[in-house]
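Colleague: Following this message is one structure expressed as structure tokens.
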Amino acid sequence: MTDKVRCKFVCASILVTSGTQREITLRAQYDNTIPEDQAFTKYTPSGEFKFTIDNPAINDFYVPGQAYYLDLVPVPAPVTEALLETTPAA
């Protein structure tokens, strides 16, 4: 089993929602002339990732038509005080 998955998405749109807020839409990238895209499309034929940012320092980071890699990595479960109190010592 792998510990991460890499996806290739392209910025499809940027919508200014208010002030410094931007709604970013990324879609699965596919260009049949690019061998890398052919490989990505085999495993991720379609997809959309939509999110809102409110950070003027990164507003210029996202550019319509620009491709981006999305690396998906599981987040470990947080250790809580209750779990620590009920877990026997090793």
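Colleague: Do we find a residue being in contact with a helix residue (DSSP H, G or I) (Cβ under 6 Å, 6 or more places away or on another chain) and within 24 Å of VAL73 (Cβ to Cβ) anywhere in segment 1-11?
Modeller: Within segment 1-11 (the criterion being in contact with a helix residue (DSSP H, G or I) (Cβ under 6 Å, 6 or more places away or on another chain) and within 24 Å of VAL73 (Cβ to Cβ)), the answer is yes, since at least one residue qualifies.
Colleague: Please work out which one of (1) surrounded by fewer than 14 Cβ atoms within 10 Å (Cβ to Cβ); (2) part of a strand (DSSP E or B) is the condition GLN38 fails and give its number.
Modeller: (2)
Colleague: Looking at (1) of a type outside the set (Gly, Ala, Ser); (2) assigned to a loop (DSSP other than H, G, I, E, B); (3) more than 14 Å from the chain's Cα centre (by Cα), which is the one condition that is false for VAL75?
Modeller: Just one mismatch for VAL75, condition (3).
Where a number appears in this text, it was derived from the coordinates with a stated rule and is not lab data. This is a predicted model, so every value here is computed, not measured. Please note: Cβ atoms are built from the backbone with ideal geometry, for glycine as well, and neighbour counts cover all protein chains shown.
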